[in-house]
Amino acid sequence: MNWPFGWELPALIVGATIVALLAGPNLAIAVPAAALAVLAAGLLFAGAFFERGAGSRGPEPPALPVQPRFPNGIAGSRLVRAEVLGRLEGLERAGALTGPSTPPEEQERLLRLPPEEFRRHVRERLDRLEAGG
């Protein structure tokens with residue numbers, strides 16, 4: 001952390017606090033020492049607050065390259081296909097398209113389709129969703 005005032009202000013805060021605590025019931029020493037500690041802490045806080053600017057945050061991190069979510073397309077892997085089918089089922093249920101959910105045997109058959117047939121199946125279901133039934 002970059003202290004805006006160096007090490008002196010934090011040392012003054014700690015020292016004044018210790019003096020105020022050790023003064024005990026002697027208010028003539030404790031009150032001014034505590035007030036000095038609070039004032040120094042306020043200055044430290046204000047300095048840190050106003051020091052924060054565009055330049056004090058450091059350089060911007062380099063932008064990460066955008067990775068495609070599905071490297072082999074939506075028909076690429078079995079895991080991606082299962083995710084797509086699950087999302088379609090959820091959309092169909094949310095869109096009030098009535099009907100039973102896809103049985104496990106049918107899901108397994110869909111997961112084994114060749115890529116082009118799987119894409120066609122997804123397109124048909126999406127078209128049906130957009131048409132509302």
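The values are calculated or read from the model by the stated rules, or taken from the named source; none is laboratory data. Note that the structure is predicted; figures quoted are calculated from it, not measured. Positions of Cβ are backbone-derived with ideal geometry, glycine not excepted, and every protein chain shown enters the neighbour counts.
So the values come out like this:
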| read-out | value |
| --- | --- |
| Residue satisfying all of: in the range 98-133; farther than 23 Å from R78 by Cα and small (G, A, S); modelled with the highest pLDDT among these | A131 |
| Single match in G86, G95, G76 (criterion: at pLDDT 85 or above and within 30 Å of R128 (Cβ to Cβ)) | G86 |
